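**Student:** Have a look at this one before I ask anything.
What follows is calculated from the coordinates using simple rules that are stated; it is not laboratory data. All values derive from a computational prediction rather than experimental measurement. Don't worry about glycine lacking a Cβ; one is built from the backbone with ideal geometry, like all the others, and counts go over all protein chains shown.
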Amino acid sequence: MFDLESRKKNTKYVVNIVKNKLYKINPNHSENGFFVLIIHWIVVGFFLLGLFIFDFTWLFFISIIIWLIICGLHLYYNGCICTKIERELWQTKDWYGPWTAPFTLLKKIDVPLTQELAHRIFIAWAVVINIWIIIRIIFHTI
């Protein structure tokens, strides 16, 4: 289940299931990609913002749980499954979700965007957020 081939197969399966279900509702893949994008960014944005601004209430701890689930899913699917769905619906490899703008900027300043560099940026971002969560928890209890 966690070997590379199984994960690739499962990724393709999930992407195709969502694509086919959305097609039954609306046969326009571009519009469906936009719908996935909006839902993706609203849900992730809400809980990600919550890690930074919510008081120590149940919403903050739900945000932590959602963040950990997101991290786990990113590890399993080797990236964001929602971004992979959006790419499939839009038939493009140039879409990186919210990272499209910074990656385009890197390309414009002649920094070659390799898969390794993108992966390191994603890891750095996750580490920064995890450190932030830990700092918030530590300084809240002191």
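**Student:** Using +1 at the C-beta of Lys and Arg and -1 at the C-beta of Asp and Glu, which of V127, V14, I65 has the Cα lying farthest in the positive direction of the dipole of the chain?
**Tutor:** Towards the positive end, the residue furthest out is V14.
**Student:** Could you state the number of Å between the C-alpha centres of segment 1-42 and segment 107-126?
**Tutor:** Going from one Cα centre to the other spans 24 Å.
**Student:** Packing-wise, with mean Cβ within 10 Å as the measure, how do 82-92, 38-48 rank, highest first?
**Tutor:** In descending order of packing, they fall as 82-92, 38-48.
**Student:** Answer rounded, prolate or oblate for segment 1-62, using the Cα gyration tensor with square roots of eigenvalues a ≥ b ≥ c: rounded when a/c is under 1.5, else prolate when a/b is larger than b/c, else oblate.
**Tutor:** Because a/c hits 1.5 or more and a/b fails to exceed b/c, segment 1-62 counts as oblate.
**Student:** A follow-up question, please. Give me the dipole magnitude in Debye, nearest 20, for segment 4-141 about the Cα centre, with unit charges on the beta carbon: positive for Lys and Arg, negative for Asp and Glu.
**Tutor:** Around 400 debye, computed over segment 4-141.
**Student:** Using DSSP H assignments, which helices in the chain have an axial alpha-carbon span of 30 Å or above and a mean Kyte-Doolittle hydropathy of -0.5 or higher?
**Tutor:** 29-53, 115-141
**Student:** In whole Å, what are the extents of the chain along the principal axes defined by its C-alpha atoms, from largest to smallest?
**Tutor:** Taking max minus min along each principal axis of the Cα atoms, the chain gives 53, 40, 32 Å.
**Student:** Okay, moving on. Lys and Arg at +1, Asp and Glu at -1: add these up for the other residues within a Cβ distance under 15 Å of K19 and post the number. Could the numbers behind the result be given before it?
**Tutor:** Working: positive: K12, K21, K24, K84, R87; negative: E31, E86, E88.
The answer is +2.
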